Amino acid sequence: MRKTESSRSCVLTLAVLLGSLLAQASNARAETVFVAVNGNDSWSGLLPEPNADRTDGPLATLEAACRTVRKQKIASLRRVVVQVGQYFFDEPVVLTGEDSGLTIESAPGADVSLYGGKKIAGWKKDGGKFYSVALPGVKERQWDFRALVVNGRFCPRARLPEKGFFKHLSSFKVPWMSTTGGGWKRKPTSKELTTLKYHPEDLGPWLDVNNAEVAVYHMWDESLVGLAAMDNESQTLTFSSPSGHPPGAFGVNRYVIWNVREGMTQPGQWYLDRTAGKLVYWPLPGEDMTRAEVIAPTIESIIRIEGSREEPARDITIRGLKLSITTTPLMAGGFGAGKFDGAVTITSAENCRLIGLEIFNVGGQGIKASGNGLRVEKCHVHHTGACGVRCRGTECIVADNHIHDIGLTYPSAIAMQGGGKDCRINHNEIHDCPYTAINCGGERNRIEHNLIYRAMKELHDGGGIYCFAGKGLVLRGNFIRDIIDTGGYGGYGASAYYLDERSENCLVEGNLSVGIARPSHNHMAKSNTIRNNVFICDEDARITLPKSSNYTFENNVIYAKGKIVFENPDAITTLRNNVLFGAKGKVQLKKLKNYSQTGIAAFEPDGGNVLADPLLVEFNKGAVSFAADSPALKLGIKPIDVSGAGPRLRKEGQE
């Protein structure tokens, strides 16, 4: 009996000890490190405010906070809380696999701003209109940047010509064989990629080669490069690094000169004078340079999450912060300006989350992320030099974000670029971008319930949603409107829903486009289905399918104030139960061989297709409805409702 009681006592003692250890471990896991502008990196960081005798309190820098939590033995529930204020960075905060389980977030209700640059003061008059300030390292190119923010405004750089473009004299008449076909039929030479012939009346000996940067426009992208030399006798510019395509390729001969004093034509502009080692700015009316907040970038990324194949960065969350002010290197950015880093850059990561961030006034990408199970949710990304969000991987989610005013330096920038496998791009609002709003390839990705408008404002051969080499993609419930074709070269233009080379077995279903002349463009794609969409065009409507095959086109409604044209109708093997109405012309079938027209014929309806007014009642707000006697209803076409496209109001954790 005594032995049994003794055993019970030991068990009870062990239970108490175990409970105490578990409680201590729980407390260790829940330990929070604080950062504040009035903090000190020699303190513990365990207090949100300095104590009375200022011997302990929050840390002063995010870097110190990350070092502190990295020492915690238990990785789960590491937490850094950043208090209200502005924080400036000369180097990015780098998180690795050692930081797995870390959450960095703003204090509840706090306005926390992280800047990848420094404030500029000491402005002096520089001529009648301008102000300037000497900057160390600019002459030596140790400090070089392509973005400037004054009083919260992403400022335009000095530009020649003031509007529009110069036209150069270079040509490159080598055929483009498509991306799938290997690109150029002949590889461009180094000289073709690094020289441009200009009209003598456009440029002259006054051009400061040390300062000037040249944007060479191609078709779907541009190359921003510096100058190594200028030959006034032959009227030739030599670039300091190669352009992505030769000047004159695709028959495009546009270019712009940036960052020279002669391009300062209106208030609010600036340029970086490397020759004199100074920053020059033309204030807006009423702008007092003794009080103006001017911030110039010093780094390309503010937060970097860098895992490795052996040790991925896992379960890191960044929440509720504002990130601003970054720059880019001087080089061609490639397709979609994809070579540049993001204000937040993520590589080799798993299950990391970016939630409720505002990223704005950055020179490069807003977010550039790759990994598995990544989530970018409820972020506001705007006024970026390059892309808004780039997220590629497996089972990633990009949802409920607002992305706009991107590509301010690189017009080839894509607002939202995805890729990989089994990812979802859902309920985002995207607008005001110079090129494509959403670009995605990969396998089994779903692009659903996105609201897109005012895309393709400058470049060509893209669209509201542009898919390249997508396998089994689903485009459903999206609402795209107000995309104007700015006059693409050689048939290239702007589209709403675009399935490009090697896109196969994709479904475009239940989408709406309003005010877009080419609602569906398909190129070198096959075995795709376009079903139960509503396409409304202010003039002619073009459904284009060059070099495509084995399409199903069914249960769609096309309403055009002009005529409806199907280009390469032989690509459609199943054409049934569509309502086609061209108010000022019949439906036409334009035969193509490759890209050349070989004939045109009027469409004779069969297969349940109807040439009649669909009797639309409402569509502008996204909820499409038909009159009771609409032929669409008689065919069994389902009314679509995309009024809920765009961000949802939802609680974190909801799907």
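Determine, yes or no, whether residue 462 is crowded, with 24+ Cβ neighbours inside 10 Å, more than 16 Å from residue 382 (Cα to Cα), touching a residue at least 24 places away in the same chain (Cβ under 8 Å) and small (Gly, Ala, Ser).
yes
Anything in segment 275-311 that is of a type outside the set (Gly, Ala, Ser) and more than 30 Å from the chain's Cα centre (by Cα)? List them, or say none.
The answer is 275, 278, 285, 287, 288, 289, 290, 291.
Looking at segment 44-67, which of the residues that are surrounded by 20 or more Cβ atoms within 10 Å (Cβ to Cβ) and touching a strand residue (DSSP E or B) at 6+ places or on another chain (Cβ under 7 Å) is farthest from residue 115 (Cα to Cα)?
45
Considering 246, 242, which residue is in contact with a Phe, Trp or Tyr (Cβ under 7 Å, 6 or more places away or on another chain), touching a residue at least 40 places away in the same chain (Cβ under 8 Å) and not in a strand (DSSP E or B)?
None of the others qualify; the one that does is 246.
State the number of residues belonging to segment 557-574 that are surrounded by fewer than 17 Cβ atoms within 10 Å (Cβ to Cβ) and either part of a strand (DSSP E or B) or touching a Leu at 6+ places or on another chain (Cβ under 9 Å) (or both).
Total meeting the criteria: 3.
Here is a list: 407, 420. Which entry is of a type in the set (Gly, Ala, Ser), touching a Ser or Thr at 6+ places or on another chain (Cβ under 8 Å) and either part of a strand (DSSP E or B) or surrounded by fewer than 22 Cβ atoms within 10 Å (Cβ to Cβ) (or both)?
Details: 407 fails: either part of a strand (DSSP E or B) or surrounded by fewer than 22 Cβ atoms within 10 Å (Cβ to Cβ) (or both).
Every option except 420 fails the conditions.
Let me confirm something: among 188, 161, 156, which residue is of a type outside the set (Phe, Trp, Tyr) and more than 21 Å from residue 409 (Cα to Cα)?
Residue meeting the stated conditions: 188.
Give just the number: which of (1) in contact with a helix residue (DSSP H, G or I) (Cβ under 8 Å, 6 or more places away or on another chain); (2) surrounded by fewer than 20 Cβ atoms within 10 Å (Cβ to Cβ); (3) at pLDDT 95 or above; (4) under 20 Å from residue 456 (Cβ atoms) does residue 490 not satisfy?
So residue 490 meets the others, but not (3).
Restricting attention to segment 471-502, which residues are assigned to a loop (DSSP other than H, G, I, E, B) and touching a residue at least 60 places away in the same chain (Cβ under 8 Å)?
477, 478, 488, 492, 501, 502
Hey, among 106, 132, which residue is surrounded by 17 or more Cβ atoms within 10 Å (Cβ to Cβ), farther than 19 Å from residue 275 by Cβ, hydroxyl-bearing (Ser, Thr, Tyr) and in contact with a Lys or Arg (Cβ under 9 Å, 6 or more places away or on another chain)?
106
Which of (1) within 20 Å of residue 274 (Cβ to Cβ); (2) touching a strand residue (DSSP E or B) at 6+ places or on another chain (Cβ under 8 Å); (3) surrounded by fewer than 16 Cβ atoms within 10 Å (Cβ to Cβ) does residue 152 not meet, given it meets every other one?
In the conditions (1) within 20 Å of residue 274 (Cβ to Cβ); (2) touching a strand residue (DSSP E or B) at 6+ places or on another chain (Cβ under 8 Å); (3) surrounded by fewer than 16 Cβ atoms within 10 Å (Cβ to Cβ), residue 152 misses (1) alone.
Test of understanding: among 216, 256, 209, 225, which residue is aliphatic (A, V, I, L, M), over 30 Å from residue 441 (Cα atoms) and not in a loop (DSSP other than H, G, I, E, B)?
Being aliphatic (A, V, I, L, M), over 30 Å from residue 441 (Cα atoms) and not in a loop (DSSP other than H, G, I, E, B) holds for just one of 216, 256, 209, 225, which is 256.
Looking only at segment 277-299, decide whether some residue is in contact with a Cys (Cβ under 8 Å, 6 or more places away or on another chain), crowded, with 18+ Cβ neighbours inside 10 Å and outside any strand (DSSP E or B).
Checking segment 277-299: not a single residue is in contact with a Cys (Cβ under 8 Å, 6 or more places away or on another chain), crowded, with 18+ Cβ neighbours inside 10 Å and outside any strand (DSSP E or B).
Scan segment 423-448 for residues that are more than 11 Å from the chain's Cα centre (by Cα), crowded, with 24+ Cβ neighbours inside 10 Å and not polar (S, T, N, Q) and jot them down.
Across segment 423-448, the qualifying residues are 423, 425, 440, 447.
Filter segment 326-370 for residues that are assigned to a loop (DSSP other than H, G, I, E, B) and over 29 Å from residue 315 (Cβ atoms) and give the result.
Matches in segment 326-370: 327, 328, 329, 330, 331, 332, 333, 334, 363.
With 532, 556, 522 as the choices, which residue is closer than 27 Å to residue 602 by Cβ, of a type in the set (S, T, N, Q) and either without any contact (Cβ under 8 Å) to a residue 12 or more places away in the chain or in contact with a Ser or Thr (Cβ under 7 Å, 6 or more places away or on another chain) (or both)?
When all the criteria are applied, what remains is 522.
Determine the pairs where a residue that is closer than 20 Å to residue 502 by Cα, located within segment 170-189, has a partner that is of a type in the set (A, V, I, L, M) and modelled with pLDDT under 95 with Cβ atoms under 9 Å apart, the partner being 6 or more residues away or on another chain.
176/219; 183/177; 184/177; 185/177
Being of a type in the set (D, E, K, R), farther than 27 Å from residue 363 by Cα and touching a residue at least 12 places away in the same chain (Cβ under 8 Å): is that true of residue 157 here?
Values: of a type in the set (D, E, K, R): yes; farther than 27 Å from residue 363 by Cα: no; touching a residue at least 12 places away in the same chain (Cβ under 8 Å): yes.
Criteria not met by residue 157.
Looking at segment 81-92, which of its residues are hydrophobic (A, V, I, L, M, F, W, C) and surrounded by fewer than 22 Cβ atoms within 10 Å (Cβ to Cβ)?
Listed by number, the residues that qualify are 84, 88.
Kindly provide the set of residues from segment 346-365 that are crowded, with 21+ Cβ neighbours inside 10 Å and on the phi > 0 side of the Ramachandran plot, ordered by number.
The one that is crowded, with 21+ Cβ neighbours inside 10 Å and on the phi > 0 side of the Ramachandran plot: 361.
Go through (1) touching a residue at least 40 places away in the same chain (Cβ under 8 Å); (2) over 22 Å from residue 390 (Cα atoms); (3) surrounded by fewer than 23 Cβ atoms within 10 Å (Cβ to Cβ) one by one and return the number of the condition residue 233 breaks.
(1)
Among the residues of segment 423-457, how many are of a type outside the set (S, T, N, Q) and part of a strand (DSSP E or B)?
Residues meeting the conditions: 16.
How about segment 51-154: which strands (runs of 3 or more DSSP E) wholly inside it have at least 2 residues that are among the small types (Gly, Ala, Ser)?
Fully inside segment 51-154 and qualifying: 130-134.
Which residues, taken from segment 382-392, are surrounded by 24 or more Cβ atoms within 10 Å (Cβ to Cβ) and assigned to a strand (DSSP E or B)?
Listed by number, the residues that qualify are 384, 389, 390, 391.
The values are calculated or read from the model by the stated rules, or taken from the named source; none is laboratory data. Since the structure is predicted, the reported quantities are computational estimates derived from the model, not experimental observations. Cβ: placed from backbone, ideal geometry, glycine included. Neighbour counts: every protein chain shown.
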